[in-house]
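Participant: The structure that follows is given in the form of structure tokens.
The values are calculated or read from the model by the stated rules, or taken from the named source; none is laboratory data. Please read all numbers here as calculations on a predicted model, not as lab measurements. Here the Cβ positions follow ideal geometry from the backbone for every residue, glycine too, while neighbour counts run over all protein chains shown. Note: accessible area is taken over every heavy atom of the protein model, side chains too, but ligands, DNA and RNA are not part of it. Shrake-Rupley method; radii C 1.70, N 1.55, O 1.52, S 1.80 Å.
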Amino acid sequence: MTAADIPILLVALGGNALIRKGQPGTVEEQFKNLRPPLRQIARLSRNWRILITHGNGPQVGNLLLQQECCDAVPKLPLEILVAQTQGQIGYMIESSLDSELMKLGKRFQKPLVSLLTYVVVDADDPAFARPTKPIGPVLSARQAGNLPYPTRKTAKGWRRVVASPEPLTVIEKHEIRRLIEMDFIVICCGGGGIPVIRSGRAFDGVDAVIDKDLASARLSAEAGVDTFLIATDVAGAYLDYGGRNQRLLRTTTVSEALAYTRRGHFPPGSMGPKVEAAAAFLKAGGRQALITSINAIEEAVAGRAGTRIVPDPAV
Ligand code: ADP
Ligand code: MG
């Protein structure tokens, strides 16, 4: 079997999975939260070529807050803060995964690398006028009402929101493909990628945070991924989430999943983009998309947990 025969699995780790609900988000907590998913990913790397992407909602919001608490140094734009989170989270994932691979034994060692990743967005994307992406800590309704920036009530409570334009393409896709061919585990597209717009032959960073699920779907299509897995802090996509009739959706097709979104089951900014991302990947030729808990990554790959979305049957 050559490397090219080994299927490619992309695991998108939620920023909210690194800082759990109710946690302040110390670095110790984040390292501890990373262990269970990375132990599973290390084991999966024996049978899959692996790409890892990650969110940064809580982390980028915290950086923004941190700099707003200090006037002694110049403020950095959001695009730079996204780049910072690629570095900090990339480092935490890389070092944790390295330890987990080490525990499996020398035979299973793999080269790994985290890659700063730019993602192109459209300067005229209507999202710039309508912030939807929740970042930073959960706020009380009173706090949220007294802030100089937009906030919105999410499933987790009130949060700051920023513009979240649609990802068009991943600039480093060729490099990422080459690294996979060389059997590297690649950590990339952190926080949805550093958002840039084309400006002639160059790129300019913009003030936004791209949804990491949508960026991961784009990358999955561009890098020839077989299974696109979204690991988050719930067991999968539920119907009537939070209601009395809440039930986990186990297997569904693209059309069925999108119909549930239209009926309001999967809200914007959280489960909505995950389902939309899965659909985009499958429409671009992907085979299966999985939405599962960070504790059930292996189980979902084995078909025993989470929500599995497959292409519509051919007519
Ligand atoms: P991540 O950081 O993993 O991207 P998000 O907060 O963006 O996490 O999305 C996961 C959250 O989506 C869950 O914690 C849950 O509160 C929320 N959610 C909203 N609707 C649903 C649904 N229908 N099924 C499951 N989770 C849902
Ligand atoms: Mg999210």
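Participant: From I180, I194, grab the single residue that is modelled with pLDDT of 95 or more, of a type in the set (A, V, I, L, M) and within 17 Å of the chain's Cα centre (by Cα).
Facilitator: I194
Participant: Here's a follow-up. For I176, work out the one condition from (1) open to solvent by less than 10 Å² (accessible area, probe 1.4 Å); (2) within 16 Å of ligand 1 (Cβ to nearest atom) it doesn't fulfil.
Facilitator: With (1) open to solvent by less than 10 Å² (accessible area, probe 1.4 Å); (2) within 16 Å of ligand 1 (Cβ to nearest atom) applied to I176, the lone miss is (2).
Participant: Count, please, the residues in the stretch 272-305 that happen to be among the basic types (K, R) and assigned to a loop (DSSP other than H, G, I, E, B).
Facilitator: 2
Participant: List the pairs whose first member sits in the stretch 65-93 and is closer than 17 Å to P148 by Cβ, whose second member is open to solvent by less than 40 Å² (accessible area, probe 1.4 Å), and whose Cβ atoms are under 7 Å apart, counting only residues at least 6 apart or on separate chains?
Facilitator: Going by the 7 Å Cβ cut-off, the qualifying pairs are L65/G136; K75/Q67; P77/G205; L78/V162; L78/A208; L78/V209.
Participant: Is it true that Q109 is at pLDDT 95 or above and open to solvent by 40 Å² or more (accessible area, probe 1.4 Å)?
Facilitator: In short, no.
Participant: Turning to a different aspect of this structure: Considering the stretch 68-91 alone, what residues qualify as being open to solvent by less than 30 Å² (accessible area, probe 1.4 Å) and either within 16 Å of ligand 1 (Cβ to nearest atom) or not small (G, A, S) (or both)?
Facilitator: Those that are open to solvent by less than 30 Å² (accessible area, probe 1.4 Å) and either within 16 Å of ligand 1 (Cβ to nearest atom) or not small (G, A, S) (or both): L78, L81, V82, T85, Q86, I89.
Participant: Could I ask something else about it? One residue is enough: does the stretch 228-238 have a residue meeting the conditions within 14 Å of ligand 1 (Cβ to nearest atom), farther than 14 Å from A12 by Cβ and more than 21 Å from the chain's Cα centre (by Cα)?
Facilitator: No, the stretch 228-238 contains no residue that is within 14 Å of ligand 1 (Cβ to nearest atom), farther than 14 Å from A12 by Cβ and more than 21 Å from the chain's Cα centre (by Cα).
Participant: Look at K133 and say whether it is open to solvent by 50 Å² or more (accessible area, probe 1.4 Å) and either closer than 25 Å to Q23 by Cβ or in contact with a Phe, Trp or Tyr (Cβ under 6 Å, 6 or more places away or on another chain) (or both).
Facilitator: no
Participant: Can S216 be described as open to solvent by less than 10 Å² (accessible area, probe 1.4 Å) and either modelled with pLDDT under 95 or closer than 27 Å to K283 by Cβ (or both)?
Facilitator: yes
Participant: Between D207, D211, D233, which is open to solvent by 50 Å² or more (accessible area, probe 1.4 Å), at pLDDT below 95 and within 30 Å of D98 (Cβ to Cβ)?
Facilitator: D233
Participant: Now a separate question. Within the stretch 245-255, can you find the residues that are within 14 Å of ligand 1 (Cβ to nearest atom) and open to solvent by 40 Å² or more (accessible area, probe 1.4 Å)?
Facilitator: Those that are within 14 Å of ligand 1 (Cβ to nearest atom) and open to solvent by 40 Å² or more (accessible area, probe 1.4 Å): N245, Q246, R247, L248, R250.
Participant: What residue, of G55, G15, is in contact with a His (Cβ under 7 Å, 6 or more places away or on another chain) and within 21 Å of L290 (Cα to Cα)?
Facilitator: G15
Participant: Determine whether the stretch 268-282 contains at least one residue that is surrounded by 13 or more Cβ atoms within 10 Å (Cβ to Cβ), free of Cβ contacts under 8 Å to residues at least 40 places away in the same chain and aromatic (F, W, Y).
Facilitator: No, that holds for no residue.
Participant: Considering only the stretch 157-203, state which residues are free of Cβ contacts under 8 Å to residues at least 12 places away in the same chain and closer than 14 Å to L51 by Cα.
Facilitator: Of everything in the stretch 157-203, those that are free of Cβ contacts under 8 Å to residues at least 12 places away in the same chain and closer than 14 Å to L51 by Cα turn out to be H174, R178.
Participant: Being assigned to a strand (DSSP E or B) and among the aliphatic types (A, V, I, L, M) is the filter here; which residues of the stretch 154-170 pass it?
Facilitator: Scanning the stretch 154-170 gives V161, V162, V170.
Here is a yes/no grid of residues against (1) of a type outside the set (G, A, S); (2) open to solvent by 20 Å² or more (accessible area, probe 1.4 Å); (3) more than 15 Å from ligand 2 (Cβ to nearest atom); (4) touching a strand residue (DSSP E or B) at 6+ places or on another chain (Cβ under 8 Å):
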{"site": "V138", "(1), (2), (3), (4)": "yes, yes, no, yes"}
{"site": "Y149", "(1), (2), (3), (4)": "yes, yes, yes, yes"}
{"site": "S164", "(1), (2), (3), (4)": "no, yes, no, yes"}
{"site": "L168", "(1), (2), (3), (4)": "yes, yes, yes, yes"}
{"site": "E172", "(1), (2), (3), (4)": "yes, yes, yes, yes"}
{"site": "I180", "(1), (2), (3), (4)": "yes, no, yes, yes"}
{"site": "D183", "(1), (2), (3), (4)": "yes, yes, yes, yes"}
